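The structure appears right after this line, and notes come after that.
Readers should treat all values here as calculations from the given coordinates under stated rules, not as data from a laboratory. Remember, predicted model here, so these are calculated numbers, not experimental data. Here the Cβ positions follow ideal geometry from the backbone for every residue, glycine too, while neighbour counts run over all protein chains shown.
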Amino acid sequence: MPRIPMVRPLCDKCKERPMVYMALGLCRNCRSKLRNPIYYQNNKEHILAKSKQYREEHPGYADESKRKYRETHRKECNQRIANWAQTHKLERANNEARRRATKVQNGVAIFDINDIIKRDKSLCGICGKKVLRKDLAFDHIIPIACGGGHIPSNVQVSHCWCNSRKGIGYLPSQTRLAMEVI
């Protein structure tokens, strides 16, 4: 039985080569240009429109392929997550606090943790001493468990041991920072 060759549509951009990246509607050559950030900025609307169109035409494709990849490469995925968590401790703590505050429906704001460090001048909000980057933790003045939000006015810099010693026992009047009315 003779083999029937697969006929691919032509690239949307150059209209010459067969399309390989179906989601973007591009050939290999045009796709390599995508990796150039200047090209991406100049053609961002086109790229996003093509991606959106593909996702609408193929619902669940990306989710299914990601799930299959994670199932077959479970150890590598877990190792990558563990490495990220080890190298991004502050971001992980910030994400976890935001998740907890969202779960209990307290106030949640997205903010840069470096702004909190600058605001507090790297001084511990509990003991008042200088905090080194390796000892850094973020303390919720009113704990999330007690109804406080994950917002900049409720977060202060602290030593990790001061924060764990504090627990949820201090009142806002016992902390160094002046509280804003929420």
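Below are the figures for this structure:
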{"item": "Residues H73, H159, sorted so that the one with the fewest Cβ neighbours within 10 Å comes first", "result": "H73, H159"}
{"item": "Projected label distance in nm at K66 and S51, using a 7 Å step from Cα toward the beta-carbon", "result": "1.2"}
{"item": "Rg and Dmax [Cα atoms of the range 89-174; Å; Rg one decimal, Dmax integer]", "result": "11.8, 33"}
{"item": "Residue-count net charge about H150 - beta-carbon cut-off 11 Å; Lys, Arg +1, Asp, Glu -1", "result": "+3"}
{"item": "Proximal lysines relative to K121, as straight alpha-carbon distance under 23 Å, when same-chain residues fewer than 8 apart are discounted", "result": "K89, K129, K130, K134, K166"}
{"item": "Selection of chymotrypsin sites (Phe, Trp or Tyr not before Pro), the range 135-170, meeting DSSP coil and at most 11 other Cβ within 10 Å", "result": "none"}
